[in-house]
């Protein structure tokens, strides 16, 4: 999962790109990058770390000249954490194209061979985003135009759709011409655009989430549709076209459960309201299946689950309390390699307030349970704080299968719910009772906000992958995502970092 942004403006865009990326920081904390254009030259900076670490001096910002640019915050998936894989990527031919990508190509390996053997293009990193850039560049090269036109752009995006499998939301910049945005034909990853009136004219912005637009003073126009492309020229002309033959809406459920900011609107659904409905439906499940429950207090595991936990408590008519103090300077635990590092991180990240737990029957609420390492550690902390009984509710169904569309959920055998019953999971976690959201209730929580959304990417819950991957791909993915493999990659990344300093 990553965050992407693109701006075409009548004034310098460096500060707005920086500010927009900070709003999207929750979508990627591993690396950040910005590339701008003054119409003739590109100005690029990308570096591992948070946005404020990548652009830590005024000189970094002053060098990003121009009224057009794109930006990216990276959240690594199966690839390396090397600084060489920080985005945006750039390729010179044709026209000079920069690209930032959110998602994951599931046929990246075969595309890389095609690019090398047929298109004579060299890929220098392990990143599928570099592959995607070169596919787009090659499709644009086939148009054989001296000056790029909207029709050239749309034909190139159509070519990308035919060659690429997986999830991709993209912003790309053609150095002298404009900004391009497009989504894969299933709309798995989000992309939205907005406009802002200024004295010089209308400025335009593309981003992963609406919040990034609104905080910069842009009015949301609409989401980019699955398979659709938008081309905004450097002088503000807007062109859109559906470029996929059979687009479908299969937006990722996990955007609403976990990744998106609660103040965002994705595919015309208010994330905050969707999470409220998740909590309400969890409470209804308790009322239907556990009528004589003895829950004294509902406590969220911060931060994402707060909205669902509060609504659950209100519906059940029990107390809601904040029971954990969170250290906000520790990264997300399920993307950290190695069980020891994850366990240590949980204790550093959350500290229980003992008086909220002592002598009580506690219902803990979290957005999801992935490996279960974090959840198990938290349950033990709560028991150590004196809780009488510990119950656990997940706002999403059991995560039984790996994610292949841009979220670094591990190999299947590292998921606590894989090939286990809910009773076995509860025993492993050490809880007195475990409650999972039903998949249909999760879907309803979102479709109540937009009844045009009918089908979703539910693959982590039901194992049904809309792009139809084969066993060979999952074998390759499992090898890449194993903890031992990640340790080797992180060691290489550390060497790269030392060499660059």
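The values are calculated or read from the model by the stated rules, or taken from the named source; none is laboratory data. Just so you know, these numbers come straight off a predicted model, no measurement behind them. As a convention, Cβ positions derive from the backbone with ideal geometry for all residues, glycine included, and neighbour counts pool all protein chains shown.
Structure notes:
- Residues of region 311-329 satisfying the condition of being farther than 26 Å from residue 29 by Cα, free of Cβ contacts under 8 Å to residues at least 40 places away in the same chain and touching a helix residue (DSSP H, G or I) at 6+ places or on another chain (Cβ under 7 Å): 311, 315, 316, 319, 320, 321
- Candidates 185, 190, filtered to the one that is under 19 Å from residue 23 (Cβ atoms) and assigned to a loop (DSSP other than H, G, I, E, B): 190
- Positions within region 10-27 being in contact with a helix residue (DSSP H, G or I) (Cβ under 9 Å, 6 or more places away or on another chain) and crowded, with 23+ Cβ neighbours inside 10 Å, in sequence order: 14, 20, 21, 23, 24, 27
- Taken residue by residue, region 140-148 has at least one member that is surrounded by 20 or more Cβ atoms within 10 Å (Cβ to Cβ) and either within 25 Å of residue 203 (Cα to Cα) or not assigned by TED's automatic domain parsing to the domain that holds residue 191 (or both).
- Scanning region 289-302 for residues that are out of contact with any helix residue (DSSP H, G or I) (no Cβ under 9 Å at 6 or more places or on another chain) and either under 21 Å from residue 378 (Cα atoms) or buried (at least 18 other Cβ atoms within 10 Å of the Cβ) (or both) yields a total of 3.
- Close pairs from region 196-220: first part of a strand (DSSP E or B), partner exposed (fewer than 13 other Cβ atoms within 10 Å of the Cβ) and modelled with pLDDT of 95 or more, Cβ under 7 Å, at least 6 apart: 196/219
- Test: residue in region 323-336 that is touching a strand residue (DSSP E or B) at 6+ places or on another chain (Cβ under 7 Å), at pLDDT below 95 and assigned to a helix (DSSP H, G or I): no
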